[in-house]
1. Enumerate the calculated ³J(HN,Hα) couplings along region B:98-103 in order (Karplus 6.51 cos²θ - 1.76 cosθ + 1.60, θ = phi - 60°), each rounded to whole Hz, writing x wherever the residue is Gly or Pro.
2. Projecting each Cα onto the charge dipole of chain B (Lys/Arg +1, Asp/Glu -1 at the beta carbon, about the Cα centre), which of B:Ala246, B:Leu75, B:Pro161 comes out farthest on the positive side?
3. Roughly how many whole Å is it from the C-alpha centroid of region B:955-1017 to that of region B:411-438?
4. Hey, if you put +1 on the Cβ of every Lys and Arg and -1 on every Asp and Glu Cβ in chain B, which of B:Val187, B:Val201, B:His112 ends up farthest toward the positive end of that dipole?
5. Ranked highest first by the average count of other Cβ atoms within 10 Å around their residues, in what order do A:367-380, A:389-402 fall?
6. Run the Debye formula on the Cα coordinates of region A:171-309, all scatterers equal and no solvent, and tell me log10 I(q)/I(0) at q = 0.16, 0.17 1/Å.
7. What's the local net charge at B:Gly937, with K and R +1, D and E -1, over the other residues with C-beta under 15 Å away?
8. Averaged over its residues, how many other protein chain Cβ atoms are within 10 Å of peptide A:414-426's Cβ atoms?
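The values are calculated or read from the model by the stated rules, or taken from the named source; none is laboratory data. Because the structure is a prediction, the values reported are computed rather than measured. Note that we place each Cβ from the backbone using ideal geometry, even for glycine, and neighbour counts take in every protein chain shown. Each accessible area value is taken on the protein alone, full model and side chains, heavy atoms only, with ligands, DNA and RNA left out. Shrake-Rupley method; radii C 1.70, N 1.55, O 1.52, S 1.80 Å.
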Amino acid sequence: MVTARREGNRDVLAAACDQARALGLAPGMPLAKARILVAGLDVRAADPDGDAAWLARFGRFAARRWTPRAALSGADGLWLDLTGVAHLFGGEERMCARILAFCRRLGFTARIAVAGTAGAAHALARFGAAALTLCPPGREADSLAAMPLAALRLDEAVLSRARRLGLERVGELIAMPRAPLQRRFGADLLIRLDQALGRAAEPLDPIVPEEPPAVLLRFQEPIATAEAIAEAAGEAVRRLIPDLAQAGLGVRRLVLICDRVDNLEQSLLVSLAKATRDGAHLAKLICAKIEKIEPGFGIERLRLVAARVEPLGPQPIAGALAGDRPAPDLALLIDRLAVRLGARRLYRLGALESDLPERSVRPVAPLAAPAAWPDWPRPVRLLTPPEPVEQVMSALPDGPPRRFRWRGRAYRVAAADGPERVYGEWWRHAGERAAVRDYFQIEDEAGARFWLYRNGDGEEAGTGDMGWHMHGIFA
Amino acid sequence: MTYVELHAATHFSFLRGVSSAEQLFAAARLLGYPALGITDRNTVGGLVKALRAADATGMRFIAGCRLDLMDGSSLLVWPEDRAAWSRLTRLLTVGKGRVDRRKGEKGQCFLHWEDVAAWSEGLVAALIPDEADRLADVALAQMADIFGRRAHLALTHRRRPGEAKRLHALDALARRHGMRSLATGDVLYDGPNRRMLHDVVTAIREHITIDELGFRRERFADRYLKSPEEMERRFKAFPDAVRATADIAERCTFSLRELSYQYPDELVMTRRSPQKALERMTWMALNAKYGGRPPPRYRKLLTHELKLVASWRYAPYFLTVNSIVQFARSQKILCQGRGSAANSMICYILGITSIDPVVHKLLFERFLSDDRDEPPDIDVDFEHERREEVIQWIYETYGDEHAALTAVVSRYRTRGAVREVGKALGLSEDVTGTLSGQVWGWSNDGVAERHVEELGLDKEDPRLALTLELTRQLIGTPRHLSQHPGGFVLTRDRLDALVPIEPATMEDRRVIEWEKDDLEELKIMKVDVLGVGMLGCMRRAFDLLAEHKGQRLTLASDEMQKDDPKVYDMICEADTIGVFQIESRAQMSMLPRLKPRKFYDIVIQVAIVRPGPIQGNMVHPYLRRREGKEEAHYPSRELRHVLDKTLGVPLFQEQAMKVAIVGAGFKPTEADALRRAMATFKSTGGVAHFEERMVKGMMAKGYSRDFAERTFRQIRGFGSYGFPESHAASFAKIAYASSWMKYYHPEIFCAALLNAQPMGFYGVAQLVRDAREHGVEVRPVCVNASRWDCTLEAPNPPLDFEGRNLLPLRLGLRMVKGLSNDHGARIAAAAMDAPFASIEDVWRRAGVPVAALEKLADADAFHALGLDRRQALWRVRGLGHAPLPLFAAAEARDDEPAVTLAPLAAGREVVEDYRAVQLSLRSHPVAFLRPALDRRGIVPAARLGELKDGARVHVAGIVLVRQRPGAGNVTFLTLEDETGIANAIVWQRIFEANRRTILAAAMVGIEGILQREGKVIHIVSARLEDLTPLLGRVGDMHFPHRPGPADGARNGGRDPRQPPPPSLPSSRDGGMRIRSRNFH
């Protein structure tokens, strides 16, 4: 199995499993080439964002579990500062063995190196012979000597220059005078070398687990009435707002968690259409949902967590100077409607560039800017699916219907326009290759206007079955 | 009231129309149209094709054009007469002249209403409106103003809402402006089934995928050609608009056939007719050549030719070609004419060619047919690099208004079509890339489904299936116009009154809209000014010869006219690497069988290894007859006359045509039409009709059906790939001259070849190797000794095998990859002043950037300073930025601590040699692999000679050349190892099974059966193996083998008790990269 990612205009392998590597596949190889080399290759899309998120999560876990000072190392590694913690886990070796075992249980193949410098550990973990390498203190130079230069975290340009000069291993570099090296490769090479050998310091950027802004209220007496809960929630919102304002954040999702006396949790979720710090608005939204909380024997603690936040800077006040009435903020209305109806039921219609009426509309988020509608007249209401129309009388090949029967009623046509010829989108479905629909705008004797279509162009049998359908009603 | 479609676009409205003129006319004929008008967007490029299609279907053709103006309005125009046509072409020239090609505005045309007004006389016009709004109103006012009673308003049913209303409003608007409405179909393709292709083409035009196309897809429906009855029915409400179409068709009687052409005047013609001038010039030249007493045979031939030329009135053409050649001669530019009229006494005596028609028994009229009223054809080949001077002279002499290059229509071939269609359908680029990579060369057959399976792709995938299907439809569609490399059209009158001219991508070049076939159809003269690399090489060789050996020669010298047996001995042994034309594998394999002994044999040799004779299965009969294994056999006396020279087997294009004329009673024009029908891009079934005619004609003359059918098959092979005798003779001349040079002066020949690179069939490594095998001492690039070009150094007496004194060849700085000519010249100049003492010295005195010195270090050019590659590179990298004179002394970095760098492995040196100068004088990369190859039982190439015919052998080597002659089913692979060259033949079945290896591998191993043909040995492949990974290891190898632990004494190797150091990543840039050459 391999994973592939898109790089510019090519698909390249992002990673390959052991078996795939044995077949000669390697990361960076074009996917098409890999497919040629290995028939029946299992290709999955690479997910670098997911990988990064997982690694960050693992890093936070490590920071809690093993050492307070853990840091990310590239896209595929973690630094763990073992200073003063190894003895808690029975020494470095046993600790590392446990970590390896833990990773194995998670389904990961991990490699660990322990060394006196971050650079040396990096090199040994990635290029060392064994899955677990312990570098004796002060012996970094010896253990690194046989490593290829790539172990030093150098960029490809420097590496290829070094190769051209026959410099392949770290040991050769250590043995060389420094000034000429600096002159030819720039400072980067020496800094990396010094970091690996402990001659230069390398600060780590430790992961600090993030906590979402939250407020915790404890009650001396359990509360149980809706009014009391509403009051408490209002208080929590009032305390949360200054925190948010200070951090420059606005809330998109708010969770209210009530811990009941009987140790059950009741929670309540409020989503917002736009980031906001408007306390009154938030309180109102929470209150609208309060009846959903079952207080039971009472609530002793109440937590309000801003589960999703977004940066929210100061907003200009529109039009106040000119005395215009500011445009009403739709977001407030949408939030209140969403609280009652559910966010999924709120949307607005946007146009999609397609000639087929069914495909020319799509729901978009309530506050999104929809695409412009095409110029041609379209009915205000589309029937989904189109309804068959019977007893149609029309002249072939392109005459409009003169009379027809729909939903059991007969209509006589007073005026008509058409046909508007719409072709199938052949690249979506093979069945639409030849498909044609002829649309007619019809006005009956009573003045009602309809949108009818016929399958087929009226000449070629392959273009449709000549059946008539009602597809929409004009206002 | 008969409707005529006047508004149809062919695929020359690039990426808008998708049908060819042939398809449109064929469809129109079926629908019962008497005439059809073609209006492409801002171009008349497709009109000659339409003319031919109209003639073929017996319909009338109304030439027109759709003009898209800068303000967004579009109008159709049709010229009424010849004068109006000239105005239209000049109008288009004006619009195209405003294009700035540097801004990437290729193929556009910038026109305004004022331009239209200036050139409007005699043009019937129709405005293409959108809505009946203010815009249309203003445009109509303009139209009425400009065209008066010739103005119309085009009405087209678009099948959109409110269409009836729109048409009525437009019609009323037109009447208000006092003009007629005109019904049109706005046709983009011949039948409804082409809609898909049209959508794809639109996506290609918009550079997006079909899913994103949205409303950019052509939104107005029904764009195919409909029958006149249907159009009349649709425009029932506007009978006058329908009548207007017939009126315009009646009124615009102009036909492209009316275009007449005048030869340009030449200076030599002062007060004489062209014929008189030509006669005077040729007689004077003949008398001068033979000291006033030309041999009677020459006199007779010249008199005869002049009479023929007079009867055809071709004298001005010869004068024009002569002027061009004389100019080249005055500038010492080597040139050589070829073509139907080139092998004449006139051309020989004027110096246009160097083939003596008396000595070589060539007959002028054989190349011209009496009633094929077509201008004679002379192509002139010039030295590749100096052709530009000739072109500039032509522009200066004849003027911009009278000279322009012919166009070449680039059409979609499989590769490009797959790539673009795949992109439009949203396939990722690597998929389309691999798909097109499966296609060999210039195929037009689309991608076969089995190749798709081989790639591991799912051919059931609908998008992929659509891609393959639409690709096949797109193949052959023109994509854009580009310029012919050297086909000039020269006229006395303004050229832009004949055909629109547009600026070419290259500065100062102008291109007309028609291609070669179009010009032929309209009988317009064209001179081909082409570049041939070998001529440049020969000029260099002649220069070197004069400089170093004091021998002054030209192509016309006696040495080149006589048949020298020693040179032919060399040719017979297929020792022809580097020689013009007869150096390819296929040619070389033929040489020992054909055994050329005289000039005409080379002519045949040049022509026989071509797809035409190979497909026509003529090669073997000819060889058998030549070797005396088979009696030359002539089916009749009249054909004997035609086929005598080639032992009864038609080998040349002229012969094939003659067979059709003499054998089947074709008229010469018909024979030519036959040739063209076969050569057309996607033969559209026209050939079958000729087959019937030919077979019947031959049977009527008493030939057997079997013979007639065989002859036709032979001619069919010729149609597209046949080689004319006249061209073969000119090529043979250059081939002989280069063979002569190679035989007598291999070092000069090699130096000239290297300096003329890139050219020819082989890479520099093979050329140098060949020269070394001929006893030439080749010296490496050296910063102190090399000039920019490869040079010959002072004689160094050791004699070669035949006791000749060869000069050592010094590789020039031009061989160093990536080094610019400017930098190289500065270094060479500084080195001539005084030899360099150190790298700092080079840097200071030559004043070239450090990057250039790095290139030299990579090429190991500092070895004269006692520095190897790495040391030199180390020193070069240590140089600072621009040296200031004051600090120059301080900059000399003697104070730097000494550094020892690991010496390069021998294999690495070779790899680096190849990387930097494309060849190595050290040893061959395969030499390092020999132990590994021995273990596999692989035989060195040199030992193949000892093996028996039919032996089973296993060889391996670097792939030098892959060649697939024509559409043949055989592929030649040339492998090279350290001992020599092995040639393998891969038959189609094996090729398909090993496609990937053959196309992609840098080194292959081949197992097969040895086939011996005289001295030429081939291996008929049975199994192939990709050895590229093995080759990639050369860089790490020490010669002769890898040091084991026991070699510790030599390199201080590591202690075997220690664990091995981690292996270095293998995918480094150190792998051997050798570019093979592919030929089709």
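1. Per residue, the Karplus-derived 3J(HN,Hα) values read 7, 6, 9, 5, 5, 8 Hz.
2. B:Ala246
3. If you average the Cα positions of each part, the centres end up 28 Å apart.
4. Value computed over the given set: B:Val187.
5. A:389-402, A:367-380
6. Here log10 of I(q) over I(0) equals -0.81, -0.89.
7. On the way: positive: B:Arg930, B:Arg935, B:Arg936, B:Arg943, B:Arg952, B:Arg1023; negative: B:Asp934, B:Asp977, B:Glu1007, B:Glu1025.
Net local charge, B:Gly937 excluded: +2.
8. Working: counts 0, 0, 1, 5, 6, 6, 7, 9, 4, 10, 1, 5, 7.
Partner Cβ neighbours, averaged per residue: 5.
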